[in-house]
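The values are calculated or read from the model by the stated rules, or taken from the named source; none is laboratory data. All of these numbers come straight from a predicted model, not from anything done at the bench. Counting neighbours? That spans all protein chains shown, and the Cβs are built from the backbone with ideal geometry, glycine included.
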Amino acid sequence: MDIINQLDIELSSLCNAACPCCPRFQSNSPIINEHLYLDYITIDKFKEWFPKSILEKVRYLKLCGNHGDLGTNPDLIEIFKYLSNFNFKKLSFNTNGGMKTPFFWKELAKVCNTFNFKTNPIFSIDGLEDTNHSYRRNVNWKKLLKNVKSFNNTIKNENVEIVWDFLVFKHNEHQLDEVKKLSKKLKFNLVKFKLPINLDDGENILPISVLDKKGNIDYWIHPTDLSEFKPSYLSDAPNKVYKSIPLFKDIGEDDNGLTDEDFKTISELKNLKIKPKCSKNNLYVESNGDVYRCCFITNGIYKYKTHYLNKKYVPIKYKQLFDSISNIGFEKLNLKYNTLENIFSNNLLNKIYNNKWNSNFESGKLLQCSEICGKPNSVDIVYGNKKQKSVI
């Protein structure tokens, strides 16, 4: 089997926070979507799904995911002990840091001290005591600070570079200098000031409406006004469009065929040339065992998959993807029923993705891939956009 360039594993779909725009919630509210599978990968399951034969071929192991925080996984320390047996080129993991206790984070840091490969613990903290909770809802600042201090003060391994990830919004843009100073006191190695990827549609600026549990607008989150964080693909004077999605029960609609919006999607995307940001050896595994090529096509995909299997309507770009998976068999791309060795040896992912990238829509080129890797959009920010600032 070839080298796996990047393996991204979602260790848990559980989370302590309620961030607006997180795909685990309904309409930017704190209400978890009813179709989300609430699960985590146990240590036994992890060893079964990712045996030595797989992990010894992985260059970059990424523990991020889309729908949860790995810090909620009860077996996280045991999983890290298992990972210490391998020699990755790099391992990174993302967390909001606001769950569990300082003792837990100290013990996790001790395991990180045993790693002989480059490791990036990434703490997603988007402000200070008066602002972090605006986006990282439900994260208690004092608890977060105790956990961060416990972890950072325990790290003694030179291979470990601890990163503070900071999403820059209008409400926290004035705190960048103060964050730099605090990061040094907390023993972070690096601060990354980042542009959020969910405040525009490629053309217009879209402030986020933050809803409460009853579906009322609690407040709006606005993009920063700092010019150095303006997306390069936006016009000099983009329109600001306020949209608030109503809170509703996501039972799905009857499938009456393609809609006008579907035809518009096909027209806009089908002729775009795909310039893939991933490679044939990139993998993304969700906590329920589903295997995809990358994480960007799977934000909130669980609800569309449920509707598809229940023969309800799903937008064409998801229907096309699920039709392709269905032709192979959903179980054949789930680690509860198949192995990564078999998925690789039978070339299953390439049949859906890579082999179709240079074809046309009628031959199976995915609209999802065309949208993500065929036109300038906010995903570009994650892949080397110069607007992302790093500070030592």
Subject >> Residue under evaluation ILE266, criteria (1) out of contact with any Asp or Glu (no Cβ under 9 Å at 6 or more places or on another chain); (2) of a type in the set (A, V, I, L, M); (3) part of a loop (DSSP other than H, G, I, E, B), criterion not met >> reply: (3)
Subject >> All positions within the range 254-270 that are surrounded by 12 or more Cβ atoms within 10 Å (Cβ to Cβ) and within 27 Å of the chain's Cα centre (by Cα) >> reply: ASP262, THR265, ILE266, GLU268, LEU269, LYS270
Original post:
Out of the residues in the range 202-232 that are of a type in the set (Asp, Glu) and in contact (Cβ under 8 Å) with a residue 12 or more places away in the chain, which is nearest to ASN152 (Cα to Cα)?
Top reply: GLU228
Subject >> Number of the condition not met by LEU321 [criteria: (1) in a helix (DSSP H, G or I); (2) in contact (Cβ under 8 Å) with a residue 24 or more places away in the chain; (3) closer than 20 Å to PHE46 by Cβ; (4) of a type outside the set (Asp, Glu)] >> reply: (3)
Subject >> Scan of the range 206-248 for residues that are surrounded by 15 or more Cβ atoms within 10 Å (Cβ to Cβ), farther than 18 Å from CYS19 by Cα and modelled with pLDDT of 90 or more, ordered by number >> reply: LEU226
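For (1) surrounded by fewer than 19 Cβ atoms within 10 Å (Cβ to Cβ); (2) part of a loop (DSSP other than H, G, I, E, B); (3) touching a residue at least 12 places away in the same chain (Cβ under 8 Å); (4) under 24 Å from the mean Cα position of the chain (by Cα), each residue gets a yes or a no:
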residue	(1), (2), (3), (4)
MET99	no, yes, yes, yes
PHE104	yes, no, yes, yes
LEU108	no, no, yes, yes
ASN116	yes, yes, yes, no
GLY127	no, yes, yes, yes
ASN153	yes, no, yes, no
Original post:
Which pairs do you get when a residue that is in contact (Cβ under 8 Å) with a residue 40 or more places away in the chain, found in the range 51-77, comes within reach of a residue that is assigned to a strand (DSSP E or B) and among the small types (Gly, Ala, Ser), reach meaning Cβ atoms under 6 angstrom, with the pair 6+ apart or on two chains?
Top reply: LYS62/SER92; GLY68/SER12; LEU70/SER12; THR72/SER12; ASN73/SER12
Original post:
Does ILE251 satisfy the criteria of being surrounded by 12 or more Cβ atoms within 10 Å (Cβ to Cβ), in a loop (DSSP other than H, G, I, E, B) and either among the β-branched types (Val, Ile, Thr) or touching a Lys or Arg at 6+ places or on another chain (Cβ under 7 Å) (or both)?
Top reply: no
Original post:
What residue, among those in the range 51-66 that are of a type in the set (D, E, K, R) and outside any strand (DSSP E or B), is surrounded by the most Cβ atoms within 10 Å (Cβ to Cβ)?
Top reply: LYS57
Subject >> the range 352-392 - residue that is among the charged types (D, E, K, R) and part of a loop (DSSP other than H, G, I, E, B) and, of those, modelled with the highest pLDDT >> reply: LYS365
